[in-house]
1. Scan region 436-455 for residues that are at pLDDT below 90, open to solvent by 10 Å² or more (accessible area, probe 1.4 Å) and on the phi < 0 side of the Ramachandran plot and report the count.
2. In region 320-349, what count of residues is obtained for those that are open to solvent by 40 Å² or more (accessible area, probe 1.4 Å), touching a residue at least 60 places away in the same chain (Cβ under 8 Å) and part of a loop (DSSP other than H, G, I, E, B)?
3. Which of the residues that make up region 262-286 are in contact (Cβ under 8 Å) with a residue 60 or more places away in the chain and more than 18 Å from D201 (Cβ to Cβ)?
4. How many of the residues making up region 497-524 are farther than 25 Å from F413 by Cβ and hydroxyl-bearing (S, T, Y)?
5. Looking at R186, R197, which one is outside any loop (DSSP other than H, G, I, E, B), among the charged types (D, E, K, R), modelled with pLDDT of 80 or more and open to solvent by 70 Å² or more (accessible area, probe 1.4 Å)?
6. Give me the pairs, please: first residue somewhere in region 85-101 and within 14 Å of A25 (Cβ to Cβ), second residue anywhere and surrounded by fewer than 16 Cβ atoms within 10 Å (Cβ to Cβ) and β-branched (V, I, T), beta-carbon distance under 9 Å, and either six or more positions apart or on two chains.
7. How many residues are crowded, with 21+ Cβ neighbours inside 10 Å and over 19 Å from A311 (Cα atoms) when one looks only at region 395-419?
Amino acid sequence: MTDHETAPAEILSATDTAFALTDRASTVRWVNPAMAVLLGLSVEQSIGRSLTALLAGAPDGPRDDDVMLPQPAIDGAGYRWLEVRCTATEDGLLYRATDVTRWRNRELDSVGLANHQDELLRLVDEDPLTGLPNRRALTRELERQLALGVRGAFLLLDLDHFKDVNDLHGHPTGDRVMCTLASLLRDRIGSGQVLGRLSGDEFAAVLADSDERDAVAAADRLRNAIAAIPMTGVAGASRVTVSIGVATFDSGVSWQEVLANADMALYASKAAGRNRVTVYEPGHYQDTALRVTVIERVRAALKHGGFVLHAMPMVKLGSGRVIGHELLLRLEDGKDPRLGPGEFLLAAERSDLVFEIDRWVADKAIQTLVEHPYPGLRFNVNVSGRTLEDEDFGDFVLDRLTAAGVAPGRLGFEITETAAVTNLDAARSLSQQLRASGCRITLDDFGSGFGSFVHLKELPITGLKIDGEFIHGIDYGSRDTVLVQGIVDIARGLGLSVVAEWVERATQVEALSRLGVRVAQGFHLGKPEPLETLLARPHGVWMRRPTLMQDLDSMDSAAARAESGSHGTVGGRG
C-alpha cells in the first residue's frame, strides 16, 4: 500500500463494514478484518487472491450503483445478502460490502417470497439440470483452496462426442444421459471433494489435499466408471467416454492459471485420441501457444489473403493425358515459421475456421472455372470431416455453381474414408445433394480402415482414391497387390472410377496398369504447382502429359509425399 492509503486503511480496519483494496484486475492488495471474515479467510490469506472469484458476482469495475449479491454463508447454513459497491481509486479499486440479509429477508417476506428464498438462492450456485455446483461455485471453491494454501488438483472432464447424442436423439435424451453421468460422478468423486458442471458437456472437480498421483487415480476412476455404463435407449451410442485434463496447484498460482493448465491438458487428451487422462506439463503451454498463433495466422489469411492453391495433376496412365487437377491448400503469408498443411489444417480442424476454409477453397475453384471456361479444366477439392457437419455447405456450393453458370461436372469433391464412416449420415446427405446436381464425389484414402466396404452401397459416390499406403510397395510384389486388386474389382463392380495416389516410380505405374488402375497421381506423374502458374500457360497445355520427374528412390520419399500435399493431413488437403 502507498503512504497516503495508510491512514484511511487504519480507519477502515476498525469498522464493521467490509472493505477491500484491489488492483484494477480485482486482485486483493488489502482487506480489513470485516472483509476477511466475510470471505471466510484470514487477512493474510486474502492478499493476492481474486476478490471477484471469492465474492462471486461482485463488479469487476467501478459502478454508480450498488450490486445485491446472494452468497452462501461461511458455515454452510443458508445464504446471506451482500450489498457491494465498487469505486475507483488512484491506482486500483475500492470495494465495500455490507451484510443486508435481515433487511432483504423482510423485503422478500413482504412480497410473499420468503418461503421460496432458499430454493431461489440455491440456484445461484447450482446447475439447474444436474444439481451440481455451477461454474461460479467451482471458481469460488478453487480460489478459496488456493487462498487457504491447500495443495490439490483440478480435474477438467469433457464428454467425448456428446454432441452426437443431442443431434441424433434430441436434447431430452441428452439431458437424461447428462443427469445419469452427473449422478455417477458425484458418487465416485469421494467425500470432501467438490464436483461441478462447468458448461454443456464439461464437468470439473476440485480435489483438496491431493497430489498428482491421487489426482490421476481419481481421474482414472471417473473415466473408467463412465466408460463402463451402457447408454440404454441411446441407439448408436452404447458407450460414452470422457477425456480428462489434470492440473495440480498450490497457493502460488491463480485460479485462472489452474483452469488454463487443466484445459491445455484436456486438449492434449483429446488430441491423443480421447478417453484418457493427461496431467498438465510445461510442454502443453508451448503446444497451446503455437496452436493459438497458428489459428491467428489462419484467421488473418482468410481475411487479408495468404492462402494459395496448388494444383496436382491426375493422369490417365494409358495415354499420359491430364484429366483433372486436385487443388491443395497452402499458407503463404510470408511469416516464420513456415507452416505446412498438416500444421495449419489440424489447428483449423479443431476450430470453426475449417468451415470458412472449405468454403474459401470451393469458392476459389468455382471462380477459377468461371474465368477459364474450358471443359478440359476440371478440379477436385477436399471436404473436411468437420464440414460434413455444416448443413448449409451443399447449398453454398450449388448456389455458387448456379450463379456462376459452371457445369457441375467440372467440379469434384473428395471426402476421406475415415470422415465418411465417422459421419455416415452427413456424408450421405452431402454426397446425394452434390451428386444429384452433377458434381463428382470421390471417397479419398480408401482402404485406410477397410471397415467401410459395407458402407459403399450407402454412399452415392462416383469414385475411389486408393490410400497411398497400398501404393508405396505395389511394385515389390507385396500383399498390397492383392488388396489393390480387390479394391479395383469392387469399384468396377459398383461402376466407380479408381485413382491411385503416391505414385513415385515408373515401376509403380506398370504394376498399377496391370491391376487395372487407369488414373493416378504422384510426384512421378506430376508435381503440384501454384494454380496461377498452371493457368498462365495456354489452356491446351493443361491436358498434355506433364514432364515426368526423376524416380524418387534416391530421395526421402516421406518428405516428398508431405511436400506433394495429398497425404497425411486433415481432410486430405495437405
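1. Total meeting the criteria: 6.
2. Total satisfying the criteria: 1.
3. Within region 262-286, V279 is the sole residue that qualifies.
4. Number satisfying all stated conditions: 2.
5. Exactly one residue qualifies, and that residue is R186.
6. Every condition considered, the pairs that remain are C86/V67; D91/T2; L93/T87; Y95/T87.
7. 4
Residues checked against (1) open to solvent by less than 30 Å² (accessible area, probe 1.4 Å); (2) modelled with pLDDT of 95 or more:
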{"position": "T2", "(1), (2)": "no, no"}
{"position": "T6", "(1), (2)": "no, no"}
{"position": "A14", "(1), (2)": "no, no"}
{"position": "T17", "(1), (2)": "no, no"}
{"position": "V28", "(1), (2)": "yes, yes"}
{"position": "P33", "(1), (2)": "no, no"}
{"position": "A56", "(1), (2)": "yes, no"}
{"position": "G61", "(1), (2)": "yes, no"}
{"position": "P70", "(1), (2)": "yes, no"}
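The values are calculated or read from the model by the stated rules, or taken from the named source; none is laboratory data. Keep in mind it's a predicted model, so treat the numbers as computed, not measured. Methodologically, a virtual Cβ is constructed for each residue, glycine included, from the backbone with ideal geometry; neighbour enumeration extends over all protein chains shown. Quick note on the areas: whole protein, heavy atoms, side chains included, nothing else; ligands and nucleic acids left out. Shrake-Rupley method; radii C 1.70, N 1.55, O 1.52, S 1.80 Å.
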